[in-house]
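J.: Sending over a structure as structure tokens; questions will come in a sec.
The values are calculated or read from the model by the stated rules, or taken from the named source; none is laboratory data. Keep in mind it's a predicted model, so treat the numbers as computed, not measured. Positions of Cβ are backbone-derived with ideal geometry, glycine not excepted, and every protein chain shown enters the neighbour counts.
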Amino acid sequence: MAPSILSADFGSLAEAVGAVANVADWLHVDVMDGHFVPNLTIGPPVVRSLRRHSGLYFDCHLMMTNPGEYLEAFRDAGADGCTVHVEIGGTDELVTGMHELGLRAGLAANPDTPFEALEPYLGDVDLVLCMSVFPGFGGQAFMPEVLGKITQVRHAIDQQGLAVDLEVDGGIDLATAPLVAAAGANVLVAGSAIFCAERPWEATEAIRAAACRERRGA
């Protein structure tokens, strides 16, 4: 489980993160530049501030047109892994750069980007992120047409025996978590379903339980 701080109260961000610290595995940090996606969020200074309050794995999703210029800054601020989008190009250089900085390297794809765009890089990355909404804003509805791509990625990872995490982000809640788990995801990002709940820690555990039941059943 990787709660997304995009839906947290930015006025009390450390407290919001602390509320899920004991039940989350990762913390998903959505970085938006106002160019690649139509929204602006946070940068390395906020990551650095949060790092002083949390020992969680920081999973930084860089929705940016020029992430290569900021990888070192995010690493120095406390990011454990960074994920860039395949759509911006220069993927080989970006993945190499992340590894050289000691970051886990992730590669994301928008809902309308085909599996074939990800396939050549599966052996080079540590994580693949399949977006199940178009990035830019929280609280969007899950797009079920992405399930086929998730299944394709999982099949390729398993077939090649790769140690690659498969993450899904967008519209994840109690109803959709079992669907993406059945398709093969092992990291679930949830924002509004967690941080808009009265008890975020309980919401996190409930989503995890729903996903785990499906995986056990599979």
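J.: If you check A203 against the conditions, is it under 30 Å from G11 (Cα atoms) and part of a loop (DSSP other than H, G, I, E, B)?
T.: Answer is no for this residue.
J.: Oh, and also: Taking the stated definitions as given, is V146 in a helix (DSSP H, G or I) and touching a Ser or Thr at 6+ places or on another chain (Cβ under 8 Å)?
T.: yes
J.: If you don't mind, there's one more thing I want to ask. With (1) free of Cβ contacts under 8 Å to residues at least 40 places away in the same chain; (2) within 17 Å of A24 (Cβ to Cβ); (3) buried (at least 18 other Cβ atoms within 10 Å of the Cβ) as the list, and S192 as the residue in question, which single condition is left unmet?
T.: (1)
J.: Within the set of pairs 6 or more residues apart or between chains, which connect a residue that is farther than 20 Å from P120 by Cβ inside region 142-160 to a residue that is in a helix (DSSP H, G or I) with Cβ atoms less than 6 Å apart?
T.: Taking only residues 6 or more apart or on different chains, the pairs are L147/A183.
J.: Check A177, A163, A109 and return the single one that is crowded, with 24+ Cβ neighbours inside 10 Å, at pLDDT 95 or above and not basic (K, R).
T.: None of the others qualify; the one that does is A177.
J.: Has region 38-57 got any residue that is at pLDDT below 95 and within 26 Å of L147 (Cβ to Cβ)?
T.: Scanning region 38-57, I find at least one residue that is at pLDDT below 95 and within 26 Å of L147 (Cβ to Cβ), so the answer is yes.
J.: If I filter region 112-137 down to residues being crowded, with 23+ Cβ neighbours inside 10 Å, in contact with a helix residue (DSSP H, G or I) (Cβ under 9 Å, 6 or more places away or on another chain) and not β-branched (V, I, T), which single residue comes out as farthest from G90 (Cα to Cα)?
T.: Here the answer is S132.
J.: Keeping to region 1-20, report how many residues are in a loop (DSSP other than H, G, I, E, B) and over 20 Å from V168 (Cα atoms).
T.: Adding up the residues that qualify gives 1.
J.: What's the number of the condition L179 fails, among (1) within 21 Å of H99 (Cα to Cα); (2) free of Cβ contacts under 8 Å to residues at least 40 places away in the same chain?
T.: Just one mismatch for L179, condition (1).
J.: Tell me, which residue of region 22-40 that is under 15 Å from the mean Cα position of the chain (by Cα) and crowded, with 16+ Cβ neighbours inside 10 Å is farthest from W201 (Cα to Cα)?
T.: Ranking the candidates gives M32 first.
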